[in-house]
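What follows is a set of notes on a single structure, which appears directly below.
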Amino acid sequence: MSVIYDKASIDDVDELVLLRTAYLTDDFGELSDDDRASVKRELPPYLQRHLDRDLSIHIAWDERIVSCAWLLLVEKPPSPRFPHGRTGVLFNVYTAPDHRHQGLASGVMQRLLDEARAMELDVVELHATDDGYPLYCKLGFADDSSTHKPMRLVLR
């Protein structure tokens, strides 16, 4: 196997849509036709607007993209938790099933975290799946000990 690590470019949009759909299927179970169509329709323009601006995607490829990790830069007002206000939200860490357990997710994550350090982000946040949790701990992530409870309001 001759895997190459790189950053995704706009030329990779079609493959990134496929990987995002596969990730969402793994995470949520089989997607409805409407959800699948929505991702296919909405993700390419999102990537056009954000890739290499406030979104960085690191990939591993071997004839196709087989692993990826996405980092969204979020700028917040400074606080004790974010002294410079620059944070990263890590998501969509995914490796194709036929390439799992070969260290690819670790490889893309290491490169992504090196970039986060070079960008001088205060913190990188993520929501870990049970499968990803051991990898994130190995890379230095720790459970968030905030006294605030995560909440959300679904508007759609």
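The values are calculated or read from the model by the stated rules, or taken from the named source; none is laboratory data. In this text the structure is predicted, and so the values were computed from the model without any measurement. Cβ sites come from the backbone with ideal geometry, for glycine too, and all protein chains shown count toward neighbours.
Where the second residue is part of a loop (DSSP other than H, G, I, E, B) and the first is more than 18 Å from residue 95 (Cα to Cα) and lies in the stretch 25-40, which pairs have Cβ atoms under 8 Å and are six or more apart or on separate chains?
So the pair list comes out as 39/31.
For the subset of the stretch 16-48 comprising residues that are in a loop (DSSP other than H, G, I, E, B) and not aliphatic (A, V, I, L, M), which member is farthest from the chain's Cα centre (by Cα)?
Once the filter is applied, the top-ranked residue is 32.
Which is within 16 Å of the chain's Cα centre (by Cα) and on the phi > 0 side of the Ramachandran plot, of 52, 131, 114?
52
Determine the pairs where a residue that is over 24 Å from residue 97 (Cβ atoms), located within the stretch 113-135, has a partner that is of a type in the set (Asp, Glu) and loosely packed, with under 14 Cβ neighbours inside 10 Å with Cβ atoms under 9 Å apart, the partner being 6 or more residues away or on another chain.
125/144
Considering the stretch 4-25 alone, what residues qualify as being in contact with a strand residue (DSSP E or B) (Cβ under 7 Å, 6 or more places away or on another chain) and either surrounded by fewer than 12 Cβ atoms within 10 Å (Cβ to Cβ) or modelled with pLDDT under 95 (or both)?
Selection gives 4, 10.
Conditions tested, residue by residue: (1) over 21 Å from residue 133 (Cβ atoms); (2) crowded, with 17+ Cβ neighbours inside 10 Å; (3) among the polar types (S, T, N, Q).
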| residue | (1), (2), (3) |
| --- | --- |
| 33 | yes, no, no |
| 41 | yes, no, no |
| 63 | yes, no, no |
| 90 | no, yes, no |
| 96 | no, yes, no |
| 101 | no, no, no |
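Do you know which residues across the stretch 53-65 are closer than 16 Å to residue 91 by Cα and either in contact with a Leu (Cβ under 6 Å, 6 or more places away or on another chain) or modelled with pLDDT under 95 (or both)?
54, 55, 56, 58, 60
Pairs, please: C-beta under 7 Å, at least 6 apart or cross-chain, first residue free of Cβ contacts under 8 Å to residues at least 40 places away in the same chain and farther than 16 Å from residue 2 by Cβ and in the stretch 90-101, second of a type in the set (D, E, K, R) and assigned to a strand (DSSP E or B)?
So the pair list comes out as 90/125.
Residue-wise test of (1) within 19 Å of residue 27 (Cβ to Cβ); (2) among the charged types (D, E, K, R); (3) out of contact with any Lys or Arg (no Cβ under 8 Å at 6 or more places or on another chain).
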residue	(1), (2), (3)
109	yes, no, yes
114	no, yes, yes
129	yes, no, yes
134	yes, no, yes
137	no, no, yes
141	yes, no, yes
145	no, no, yes
